[in-house]
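Structure, as structure tokens:
The values are calculated or read from the model by the stated rules, or taken from the named source; none is laboratory data. Not measured: the values here are computed from a predicted model. Please note: Cβ atoms are built from the backbone with ideal geometry, for glycine as well, and neighbour counts cover all protein chains shown. When the accessible area is computed, the model is the full protein with side chains, heavy atoms only, and any ligands, DNA or RNA have been set aside. Shrake-Rupley method; radii C 1.70, N 1.55, O 1.52, S 1.80 Å.
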Amino acid sequence: MTLTAVNGRRRTRQRQSQRRSTLLATILPYLLCIGGFLIVWQVLSGLLGADRLPGPIKVVTDTWDPYISQPFFDDGGTSKGLGWQILISLQRVALGYGLAAIVGIAIGGLLGLNRFVGKGFDPVIQVLRTVPPLAWFPISLMVFQNADKSAIFVIFITSIWPIIINTAVGIREIPQDYTNVSRVLRLRKRAYIREIVIPATVPYVFTGLRIAVGLAWLAIVAAEMLKADGGIGYFIWDAYNAGGESSASQIVLAIVYVGIVGLCLDRLVAFAGRRVSSGAS
């Protein structure tokens, strides 16, 4: 065997060892932290009793068939798998959140560009944004006379405020030098908005959108618990009212699903924000 071949194999082993070390360093924090959380959860379940707080093992055992193994089963009516329930909730969130994004960016842009209007409406926004999501639900039911439309409105009114505020703040934080340059170049209003305002405010807008998507997901779960036909919030409340032996496990599993979907939505908006920011810069 030549010296060149020996050195080549040595470099290959070194690269493989480096890849394994990098992979281990990447996944080790997740393994340790998530594993530790599951152990603590299981210990607490043993201390409190499985009936009061089912542990992860009991949750998986009780809900494996059909909620884990068949997430998209459909027995008619509201008897559906968690996959369908989440999709029903996501449809409502998409409508309410999409409307909030369009209207919120437009209003935030107006308030940011017009200091007089922004100052005048600031107290109104600060008052309305502190109203809890469920406080809007009775009003929306009286207005729309429909549970689905009411839930979409609650999502809209809950998620619109961080979009408005962050968009307006982003415009107000545009460096004065940019504004001075636009005046020297005598840019028209449309050109000023297109060339300066939009690129400078994109990070602020997506910060508001990222906060808003979390609030929208929180609002839909709460709204569906009160009055809805289907959805993950409805599933949680229905499981609680059923009071069966596996009800607690079903509720815990649904909560885990809610958290995972919320994380995915947050990461999706953050990814879109990075792509748009890189394209606008």
Filtering region 155-175 down to residues that are of a type in the set (Gly, Ala, Ser) and under 12 Å from Pro203 (Cβ atoms) yields Gly170
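Residue by residue, here is whether (1) in contact (Cβ under 8 Å) with a residue 40 or more places away in the chain; (2) in a helix (DSSP H, G or I); (3) among the β-branched types (Val, Ile, Thr); (4) out of contact with any helix residue (DSSP H, G or I) (no Cβ under 9 Å at 6 or more places or on another chain) holds:
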| position | (1), (2), (3), (4) |
| --- | --- |
| Ile86 | yes, yes, yes, no |
| Ile102 | no, yes, yes, yes |
| Gly112 | yes, yes, no, no |
| Phe121 | no, yes, no, no |
| Leu134 | yes, yes, no, no |
| Val143 | no, yes, yes, no |
| Phe153 | yes, yes, no, no |
In this structure, is Ile211 touching a helix residue (DSSP H, G or I) at 6+ places or on another chain (Cβ under 7 Å) and either within 20 Å of Pro54 (Cβ to Cβ) or open to solvent by less than 80 Å² (accessible area, probe 1.4 Å) (or both)?
-> no
Neighbours by Cβ (under 8 Å, 6+ apart or cross-chain): first from region 51-76, in contact (Cβ under 8 Å) with a residue 24 or more places away in the chain and under 15 Å from Val252 (Cα atoms); second open to solvent by less than 90 Å² (accessible area, probe 1.4 Å) and assigned to a loop (DSSP other than H, G, I, E, B) | Lys58/Ala50; Asp62/Pro54; Asp62/Ser246; Thr63/Ser246; Tyr67/Gly81
Is it true that some residue in region 133-150 is within 19 Å of Val269 (Cβ to Cβ) and either buried (at least 22 other Cβ atoms within 10 Å of the Cβ) or at pLDDT 90 or above (or both)?
-> no
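If you scan region 45-78, which residues turn out to be of a type in the set (S, T, N, Q) and either surrounded by 15 or more Cβ atoms within 10 Å (Cβ to Cβ) or assigned to a loop (DSSP other than H, G, I, E, B) (or both)?
Residues satisfying the conditions are Ser45, Thr63, Ser69, Gln70, Thr78.
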If you go through Ile232, Ile211, Ile174, Ile251, the only one that is at pLDDT 80 or above, of a type outside the set (Phe, Trp, Tyr) and more than 22 Å from the chain's Cα centre (by Cα) is Ile174
Answer with yes or no whether Ser278 is over 19 Å from Pro162 (Cα atoms) and either in a loop (DSSP other than H, G, I, E, B) or open to solvent by 30 Å² or more (accessible area, probe 1.4 Å) (or both).
-> yes
